[in-house]
1. So the check is Cβ under 9 Å with 6+ separation or different chains; which pairs have a first residue in region 53-69 that's within 21 Å of Pro208 (Cβ to Cβ) and a second one that's in a loop (DSSP other than H, G, I, E, B) and charged (D, E, K, R)?
2. May I ask you to list the residues in region 187-235 that are acidic (Asp, Glu) and over 22 Å from Met143 (Cα atoms)?
3. Quick check on my filter: what residues within region 76-127 are on the phi < 0 side of the Ramachandran plot, touching a Gly at 6+ places or on another chain (Cβ under 9 Å) and modelled with pLDDT under 90?
4. Quick one: in region 1-20, of everything that is farther than 21 Å from Gln43 by Cβ and open to solvent by less than 70 Å² (accessible area, probe 1.4 Å), which residue is modelled with the lowest pLDDT?
5. Pick from Val184, Val167: which is modelled with pLDDT of 95 or more, under 13 Å from Ile209 (Cα atoms) and of a type in the set (Val, Ile, Thr)?
6. Contact list please: Cβ distance under 8 Å, first residue in region 1-28 and β-branched (Val, Ile, Thr), second residue open to solvent by 60 Å² or more (accessible area, probe 1.4 Å) and modelled with pLDDT of 90 or more, pairs at least six apart or on different chains.
7. Against the conditions (1) within 17 Å of the chain's Cα centre (by Cα); (2) farther than 30 Å from Glu112 by Cβ; (3) not hydrophobic (A, V, I, L, M, F, W, C), where does Asn235 fall short? Just the number, please.
8. Given the conditions (1) within 20 Å of Gly9 (Cα to Cα); (2) crowded, with 17+ Cβ neighbours inside 10 Å; (3) at pLDDT 95 or above, which single one is not true for Tyr140?
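The values are calculated or read from the model by the stated rules, or taken from the named source; none is laboratory data. Being a predicted model, the structure only gives us computed values, none of them experimental. Every residue, glycine as well, gets a Cβ built from its backbone with ideal geometry; the counts of neighbours run over all protein chains shown. Note: accessible area is taken over every heavy atom of the protein model, side chains too, but ligands, DNA and RNA are not part of it. Shrake-Rupley method; radii C 1.70, N 1.55, O 1.52, S 1.80 Å.
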Amino acid sequence: MRVRVLFFGSLRDAAGKSSDAIDLPSGARVRDVISHYEARIPQLKAFLPSTALAVNQQYANPESPLNEGDEVAFLPPVSGGSAAGEKLPARCSIVREPIATQSILSRLKRPEDGAAAVFEGVVRNQTRGRKTLYLDYEAYETMALREMETLAAQALDKFQIRDVALVHRLGRLQIGETSVLIVVASAHRAAAFDACRWLIDTLKRTVPIWKKEYFEDGAVWADGEPFPDEIPRANPGPQGSPGSESASK
């Protein structure tokens, strides 16, 4: 059977490609895909302890079974279009144009709201003392939107809030531009603040979006936060993200 394989962020650089297709025997599992690329891409092994896996846009583990036509993705720690046949709610979106914060805030607010908490993630001009020129964001888009919708639903269930909006931008962003927007509307400010903080913290750990930072002396994939314990890794070795530590000149 044939499966499609995707690589993102620093893993794409290590593999030297963003996608591939391989033939596997019937009954193969995700671990067989891992073994295939370990043998052909030696540097991949160093990434595996911090790498998550997905099959058909759902987090998976090495023992997950595979079928003809499946899509397997290798996902490095995250740094923060809709699927065919699906209609995704408007509260979450991925865009490539500047995020219209005021427009989104105005659409979300209602007369019954006593609070609207707004968080904007903004591109800053330096990282650890190195002058930043600009950032490039990429995502596993279909899965990212699904994960964002899941987070929105969880926030509505977890906190006493009325509605949320999550927007993430992809592509090249200049200094001062907004990369991610979260708006939370509720009757009371405490719930809005708590939900907003939970949403951005969780998004940065679980939604498959990555950023590459460009400096005057090179570029580097930003260090990602470790995946939560409930998301399996490609292998159980020590955590780390070797591809994010060395700049490409």
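1. Val55/Asp70; Asn56/Asp70; Tyr59/Glu230
2. Asp194, Glu213, Glu216, Asp217 - these are the residues of region 187-235 that are acidic (Asp, Glu) and over 22 Å from Met143 (Cα atoms).
3. Listed by number, the residues that qualify are Pro76, Pro77, Val78, Ser79.
4. Going residue by residue through region 1-20, those that are farther than 21 Å from Gln43 by Cβ are 1-4.
With the extra rule that they be open to solvent by less than 70 Å² (accessible area, probe 1.4 Å), the set shrinks to 1, 3.
On the way: Met1: 93, Val3: 96.
Checked region 1-20; the qualifying residue modelled with the lowest pLDDT is Met1.
5. Values: Val184 fails: under 13 Å from Ile209 (Cα atoms).
Answer to the check: Val167.
6. Short answer, once both residue conditions are applied: Val3/Glu68; Ile22/Arg2.
7. (1)
8. With respect to (1) within 20 Å of Gly9 (Cα to Cα); (2) crowded, with 17+ Cβ neighbours inside 10 Å; (3) at pLDDT 95 or above, Tyr140 is out only on (3).
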